[in-house]
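To keep things clear, I will list the structure first and then write my remarks on it.
The values are calculated or read from the model by the stated rules, or taken from the named source; none is laboratory data. Keep in mind the model is a prediction, meaning the values are calculated, not measured. Cβ: placed from backbone, ideal geometry, glycine included. Neighbour counts: every protein chain shown.
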2 protein chains.
Amino acid sequence: MLTDRQLLILQVIVDDFIRSAQPVGSRSLSKKEEISFSSATIRNEMADLEELGYIEKTHTSSGRVPSEKGYRYYVDHLLSPQVLNKQDISIIQSIFAEKIFEFEKIIQKSAKILSELTNYTSIVLGPAASFNKLKRIQIIPLNKESAVAIFVTDSGHVENRTFYLPPSVDASDLEKTVNILNERLTGVALEDLNDKIYKEVATLLRQHIRNYDLMLHTIADSLKMPVNEKLFFGGKTNMLSQPEFHDISKIRTLLQMIDHEEWIYPLIKNDSAGIHVKIGRENNNSAMENCSLITATYSVGAESLGTIAILGPTRMEYSRVISLLQFLSNDLTSVLTNLYQK
Amino acid sequence: MLTDRQLLILQVIVDDFIRSAQPVGSRSLSKKEEISFSSATIRNEMADLEELGYIEKTHTSSGRVPSEKGYRYYVDHLLSPQVLNKQDISIIQSIFAEKIFEFEKIIQKSAKILSELTNYTSIVLGPAASFNKLKRIQIIPLNKESAVAIFVTDSGHVENRTFYLPPSVDASDLEKTVNILNERLTGVALEDLNDKIYKEVATLLRQHIRNYDLMLHTIADSLKMPVNEKLFFGGKTNMLSQPEFHDISKIRTLLQMIDHEEWIYPLIKNDSAGIHVKIGRENNNSAMENCSLITATYSVGAESLGTIAILGPTRMEYSRVISLLQFLSNDLTSVLTNLYQK
DNA sequence: GTTAGCACTCATTGAAGTCGAGTGCTAATT
DNA sequence: AATTAGCACTCGACTTCAATGAGTGCTAAC
């Protein structure tokens, strides 16, 4: 539908605007070496591109700026993947330099480095604990009235919940319960615990414990808590340096959104694996109007665990960011797979 | 040193500037009902106040603005404590409405509500875990090479550490070790654990475990927790609405500071109990030049546990904020004391 | 000691003018 | 028929200038 020349012009406009943040005019385009025709020709082509919705003017006599549709086309068809330089690669690999056991540390460091490498804001969704299999349950009474339940998964993740002890329960009941739970629930994925408790554990509890149902509900309640994956951020304030956010009110809406984790989940919780680019209003979020979000998933083996994302202005260096995310998510996946699958 | 009239004028200037954020002129002052003398008189007095360093001009013919010294004097001598209205009180008390076990939840909610009530940024330093006494240690092997150690305190706080198992250690060693640790360390404050391990546990371990010293160091290493108290924030973006921060670069330095937790600790980690007000450069931090920080401590019984703080512009409503912090820290202390000392 | 009066300062506002980078359109050129 | 040169036009950005008004300090009168 678009001629080669139009594609070329669109690409150069987007590239130039990403670099300079200034509307691109026909004259400055005609001076580029890729472009061999006159500014008048370019003006004609630009008028067509504008009519088709790929570029826009900021006012009647201004240069052109890519529209969201323009960015979308650029990302889908015109992007030349950037080859990472050695420095970038070695910086990313420094994430894995130390011996680490804990996912969290790696994840946190990834977020930090990603934001430093891009000057945008990075968001990393920590590994979903729900796939982890239960290794051990422990219940430790704190005093007459309350106890803390501890759940350890095979990956070394620890969850804990404080709860009130049902008044009728004594120490031996508690011990029996813990034994039953461990016997029946070890190896079960966290997300299946609740099911399993009611189906298998219930009958056993009934046989051994007085007031078994009170105990049952107390335990099940403790488990019902949302095992929400943790979010990690890097470079929250980087957006302040972007010229499109020199306006306080835009900054405010954006930072307010970043500080509300519950608003972030729907943005980055992506169903399918791989790299996704969402441009401006594609994010369905008014605070993201001038922003793009690029997400990638990381996994252990075939199982996708979490998401790493970069939030930047729509005028973002798509090519570079995609390459970085690609590279990091691959590395993360292979390191985690190694760590986790032995 | 200052005459009564000068004090009155200083007070009215500070009050007015806090309200309006505009330099205060002699004419507008003379119209206030508290003030019964002419603008010319006021001008003379203001000239003196300026010479003494309590107020400043923004330019030769502008009204006056309080200097840091002026705020300091105001806070120390002129402050009329604001009586909280019923609504404020009931909002604060709503923090404790639900039954809660976990300090963290209360603390988090406190930060949120404090920022909503003041429109400034709130910072709450969570309860120092180091005072807590150990209730139970548990070590759970994950696989051949690693295990996770879990420390539960009498307050229900749970810490966990993953570590490599020394190769020579087998299951029965581990069990013995855990027994020894529990026997010897239960009731010991977290901060004293390390000491105690080397002094008392070491000899016992030697008697019962082969390669006891490897085990010893592994455990001790795990314990070397930087049990850094957690920081909670509320209203991080509130400062964006303050007129003195309509300038992007000021906003940036401030937000960057807020996002570096390690820079916050020295600001709010206060030795002595009670309310403290630090104005502008008294904070010894260039990012805080136009900010004041008011801190209060909360405690369990007589033991001071943590800090709640409000970060606002120097032009902050000192009176209101101090009252709010006073009230909340009292409430926090009594609730926590109740919860914790039974 | 207090105040009225006056000359002076300076940030803010808005109007008027210039500049220049951009456009669209038309007519000439290839 | 496609390309380009040329030209009138638009509009944001910047500069200049004058007017306004809220403030000051100082002096002289009360």
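Taking strands (runs of 3 or more DSSP E) that fall entirely within segment A:139-240, which contain at least 2 residues that are more than 26 Å from A:Leu305 (Cβ to Cβ)?
Values: elements: A:146-153, A:158-164, A:231-234.
Per the criteria, A:146-153, A:158-164.
Over 27 Å from A:Gly234 (Cβ atoms), of a type in the set (Gly, Ala, Ser) and under 31 Å from the mean Cα position of the chain (by Cα), is that true of A:Gly156? Walk me through it before giving the result.
Working: over 27 Å from A:Gly234 (Cβ atoms): no; of a type in the set (Gly, Ala, Ser): yes; under 31 Å from the mean Cα position of the chain (by Cα): yes.
It is false that A:Gly156 is over 27 Å from A:Gly234 (Cβ atoms), of a type in the set (Gly, Ala, Ser) and under 31 Å from the mean Cα position of the chain (by Cα).
Can you tell me which of A:Asp213, A:Asp195 is without any contact (Cβ under 8 Å) to a residue 24 or more places away in the chain, loosely packed, with under 13 Cβ neighbours inside 10 Å and within 33 Å of the chain's Cα centre (by Cα)?
Values: A:Asp213 fails: within 33 Å of the chain's Cα centre (by Cα).
Step by step, each of A:Asp213, A:Asp195 is checked, and only A:Asp195 is without any contact (Cβ under 8 Å) to a residue 24 or more places away in the chain, loosely packed, with under 13 Cβ neighbours inside 10 Å and within 33 Å of the chain's Cα centre (by Cα).
Can you tell me how many residues within segment A:289-311 are surrounded by fewer than 24 Cβ atoms within 10 Å (Cβ to Cβ) and closer than 22 Å to A:Ser249 by Cα?
Within segment A:289-311, residues that are surrounded by fewer than 24 Cβ atoms within 10 Å (Cβ to Cβ) and closer than 22 Å to A:Ser249 by Cα number 2.
Of the residues A:Ile107, A:Ile137, A:Ile123, A:Ile113, which is crowded, with 18+ Cβ neighbours inside 10 Å and under 19 Å from A:Thr337 (Cβ atoms)?
Numbers: A:Ile137 fails: under 19 Å from A:Thr337 (Cβ atoms); A:Ile123 fails: under 19 Å from A:Thr337 (Cβ atoms); A:Ile113 fails: under 19 Å from A:Thr337 (Cβ atoms).
Just a single option satisfies the conditions, and that option is A:Ile107.
Among the candidates B:Ile100, B:Ile89, B:Ile55, which residue alone is at pLDDT below 95 and either at negative phi or surrounded by fewer than 16 Cβ atoms within 10 Å (Cβ to Cβ) (or both)?
Values: B:Ile89 fails: at pLDDT below 95; B:Ile55 fails: at pLDDT below 95.
Result of the check over B:Ile100, B:Ile89, B:Ile55: B:Ile100.
Would you be able to tell me the number of residues in segment A:243-264 that are more than 10 Å from every other protein chain (Cβ to nearest Cβ), in contact (Cβ under 8 Å) with a residue 12 or more places away in the chain, closer than 24 Å to B:Thr121 by Cα and not β-branched (Val, Ile, Thr)?
Residues that pass the stated criteria total 3.
Quickly run through segment B:1-54 and pick out the residues that are among the polar types (S, T, N, Q) and within 10 Å of DNA strand D (Cβ to nearest atom).
B:Ser20, B:Gln22, B:Ser26, B:Ser28, B:Ser30, B:Ser38, B:Ser39, B:Thr41, B:Asn44, listed by residue number.
Sort out which residues of segment B:128-138 are closer than 18 Å to B:Tyr298 by Cα and not in a helix (DSSP H, G or I), and write them in order of number. Write out each step before concluding.
The initial filter retains those residues of segment B:128-138 that are closer than 18 Å to B:Tyr298 by Cα, namely B:128-132.
Matches in segment B:128-138: B:Ala128, B:Asn132.
Just to be sure, is A:Ile140 in contact with a helix residue (DSSP H, G or I) (Cβ under 9 Å, 6 or more places away or on another chain), more than 16 Å from DNA strand D (Cβ to nearest atom) and more than 30 Å from A:Leu7 (Cα to Cα)?
No, not satisfied.
Examine segment B:67-82 for a residue that is within 16 Å of DNA strand D (Cβ to nearest atom), away from chain A (no Cβ under 14 Å), in contact (Cβ under 8 Å) with a residue 24 or more places away in the chain and of a type in the set (Val, Ile, Thr), and state whether such a residue exists. Before the answer, list the steps.
Step one: list which residues in segment B:67-82 are within 16 Å of DNA strand D (Cβ to nearest atom), which gives B:67, B:70.
From what is left, the residues that are away from chain A (no Cβ under 14 Å) are B:67, B:70.
The next check asks that each one be in contact (Cβ under 8 Å) with a residue 24 or more places away in the chain; those that pass are B:70.
So of that shortlist, the ones also of a type in the set (Val, Ile, Thr) come out as none.
The answer is no; no qualifying residue exists.
Just give me the residues in segment A:293-342 being in a strand (DSSP E or B) and either within 26 Å of B:Glu145 (Cβ to Cβ) or out of contact with any helix residue (DSSP H, G or I) (no Cβ under 8 Å at 6 or more places or on another chain) (or both), in sequence order. If you could, list the steps in order and put the result at the bottom.
The initial filter retains those residues of segment A:293-342 that are in a strand (DSSP E or B), namely A:293-300, A:303-313.
Within segment A:293-342, A:Tyr298, A:Ser299, A:Val300, A:Glu303, A:Ser304, A:Leu305, A:Gly306 qualify.
So which strands (runs of 3 or more DSSP E) stay within segment A:27-127 end to end and still have 2 or more residues that are closer than 21 Å to A:Glu282 by Cα, among the hydrophobic types (A, V, I, L, M, F, W, C) and touching a strand residue (DSSP E or B) at 6+ places or on another chain (Cβ under 6 Å)? Walk me through how you get there before you give the answer.
Values: elements: A:55-57, A:64-66, A:121-125.
Per the criteria, A:121-125.
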